[in-house]
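Enquirer: First, the structure itself, so that you have it in front of you.
All of the numbers you see were taken from the coordinates with simple rules; none came from a lab. In this text, all values refer to a predicted model and were calculated from it rather than measured experimentally. Positions of Cβ are backbone-derived with ideal geometry, glycine not excepted, and every protein chain shown enters the neighbour counts.
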Amino acid sequence: MMRFIAAALLTAGGWKVYMLLFDITGVEAINQSFLLGLLFLMAGAGAVIQGTGFLEPLRKTLKAINPAAFRRHRAVSLAEKEIAASLQKRNISYLMVIFLGVGTGLSACSVLLFFLAY
């Protein structure tokens with residue numbers, strides 16, 4: 001939870017510095033921060049979905065339809081499974097926190113700018 005809050009606050013602060021450096025004001029700043037916030041929230045949602053394994057049946061179906069596209073040596077696939085299993089929990093959870101925190105920070109910054117401007 002603290003990483004999420006830290007990512008959101010650092011992003012909002014970084015966005016403020018970016019706005020001051022490049023003299024972005026008004027509606028342009030609101031639109032850019034909202035768009036970036038939505039993009040990062042979508043990336044975070046994608047990381048959450050990837051981490052749950054929800055799309056695994058789709059991948060298996062595609063693999064069954066066209067096995068030549070997914071063909072690998074047996075030893076390579078076993079090694080990849082072991083590596084993925086050991087790294088998946090750490091990397092995906094960290095990506096989820098970063099993307100969702102950055103997206104929330106930018107979206108909150110957009111809403112705050114909107115209320116301050118109008």
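Enquirer: Show me, for region 24-35, the HN-Hα J-couplings you get by feeding each phi into the Karplus relation (A = 6.51, B = -1.76, C = 1.60, θ = phi - 60°), rounded to Hz, glycine and proline as x.
Expert: Residue by residue, region 24-35 yields 9, 9, x, 5, 4, 5, 5, 5, 5, 5, 5, 5 Hz.
Enquirer: Quote the charge dipole size of the chain about the Cα centre in Debye, to the nearest 20; the model charges only the Cβ of Lys and Arg (+1) and of Asp and Glu (-1).
Expert: 760
Enquirer: Also, I was wondering about something else. What percent does the relative contact order of region 2-117 come to when contacts are Cα pairs within less than 8 Å and at least six residues apart?
Expert: Numbers: 100 pairs, mean separation 70.1, N = 116.
Across region 2-117, relative contact order equals 60 percent.
Enquirer: So for each of 7-16, 21-30, 97-106, 56-65 I average, over its residues, the number of other beta carbons within 10 Å; can you give me the resulting order with the highest mean first?
Expert: The peptides rank, most packed first, as 97-106, 7-16, 21-30, 56-65.
Enquirer: If the convex hull of the alpha-carbon atoms of the chain is projected onto planes in all directions, what is the mean projected area in square nanometres?
Expert: On the way: hull surface 40.0 nm².
Over all viewing directions, the chain projects a mean Cα-hull area of 10.0 nm².
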